[in-house]
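Working notes, beginning with the structure itself.
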Amino acid sequence: RDPFGRARHRAHARIPSSPQCGPALRAPAIPAAGAILSEVPDLWRGVRSLSDSWRGVLLGVLLTFAAQALMGLFSRPAGAKPAGAKPAGAAKALPVVPPMHAAAAPRAVELSPWSDEEAALILQLRALVAGEPPCKNMPLDDGCLVRFLRARNLNLGKAEAMLRAHLEWRKRFGADTIMERSEQIQQELSTGKTFVAPFVDREGRSILVMRPNKENSTSHEGKMLALVYSLERAAAEMRIDGPQKLFLVIDFKGYSMLNAPPMKTNMETLAILQNHYPERLGKAVLLDAPWLISGVFHALQPFIDPTTREKVVFYSTTNPTHLEAIEKLYDRSKRPST
């Protein structure tokens, strides 16, 4: 019944042919309010460094964390388990599929028609990084290069530095060899907290679903591994000749601060999205978001880029009008490229 997999997840878990539905992170133990308060300055610097697209989606959520930390809502008794936590070993492993085939076809040559200036800068950036070894899952095609250029406002020097830092990060993190840790990925995603939908939206974009209330992990490393796998898989699902941005759905149904990850995980998540997957956000839908999150976002609207504001939508699944709008966002008949 739910268009984004709430009630469908168990059914998908029984169907090996639907590997896209394999997800979920549980939240690690939440630190005391005092420890979080000490990290608020770093959090604010991280938010200010975001591009407009990611800032628009995440600023409200992060400011909510900070506000609730001030009220002492982040603390919980020692040894308390996250809401909905299951006994160790209860999670059922789901099939994990490589983000890309080894012989994957080249990516789309363009995100959208670019200007003469962008075309010239793409050639220059390609020449600058020509000596870099190829990435198995991320060819340095025009679409990739223009994303890094746009993320740095067409500043060639900054785009080159950003791209080189990203390539180094891929080696250090193991993004191109991520399937060597498939068992850990299966455990992290076994509750369905994060997954790529087995269909696309009306514009052909991959749909990445996040469900914070399904958090099942206390491992910071495991959470980052699951995040990167999910992002790589969403990119792999993009059609070669289709949109190169994703449709993000954050389902807050059943969410509480007991599901919330620690500030360290929030900060690294922001850094990964900002520095390593630039210009990837096409649309963001927040389902059943807590009133404080939606309230903060709407209060900050005057300070958010208009283009970004149009990308972010809040819907309630108890509102019939919203449900009709949600149904129009996706197309079950359209399947991802893989």
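The values are calculated or read from the model by the stated rules, or taken from the named source; none is laboratory data. Remember, it's a predicted structure, so these values are computed and weren't measured experimentally. Positions of Cβ are generated from backbone atoms using ideal geometry, with glycine treated the same way; all protein chains shown enter the neighbour counts. Heads up: the accessible areas ignore ligands, DNA and RNA and are worked out on the full protein's heavy atoms, side chains in. Shrake-Rupley method; radii C 1.70, N 1.55, O 1.52, S 1.80 Å.
If you take all other residues with their beta carbon under 11 Å from the beta carbon of ARG126, and give Lys and Arg +1 and Asp and Glu -1, the sum is -4.
Give me the distance in nm between label points sitting 7 Å out from Cα along the Cα-to-Cβ direction at ASN275 and ARG202, one decimal. Output for this residue pair reads 3.8 nm. Contact order, relative form, for the stretch 210-306: 37 percent (alpha carbon pairs under 8 Å, 6 or more residues apart, mean separation divided by residue count). Quick one: which of LYS245/LYS328; LYS223/LYS253; LYS158/LYS223 span more than 25 angstrom between C-alpha atoms? Result: LYS158/LYS223 exceed 25 Å. Of the peptides 118-130, 177-189, the ranking by mean beta-carbon count within 10 Å, highest at the top, reads 177-189, 118-130.
Extension gain, GLU221 to ALA130, is 29.6 nm, computed as 0.36 nm per intervening residue step minus the present C-alpha separation. Of the solvent-accessible surface of the stretch 288-338, computed with a 1.4 Å probe over protein heavy atoms with every protein chain present, carbon and sulfur atoms account for 57 percent.
Among the protein heavy atoms, those of LYS264 account for about 120 Å² of accessible surface (1.4 Å probe, every chain in place). One decimal place: the segment GLU310-LYS328 gains 4.8 nm when fully extended, by the rule 0.36 nm per residue minus the C-alpha distance. Per residue, the accessible area of the stretch 209-310 comes to 35 Å² when a 1.4 Å probe rolls over the protein heavy atoms. Taking amide H positions as modeled 1.01 Å from N, with prolines and chain starts lacking one, the residues under 5 Å from TYR330 and 5 or more places away or on another chain are ARG202.
Between the beta carbons of ARG164 and GLU117, assuming R0 = 25 Å, the FRET efficiency works out to 0.70 to the nearest 0.05.
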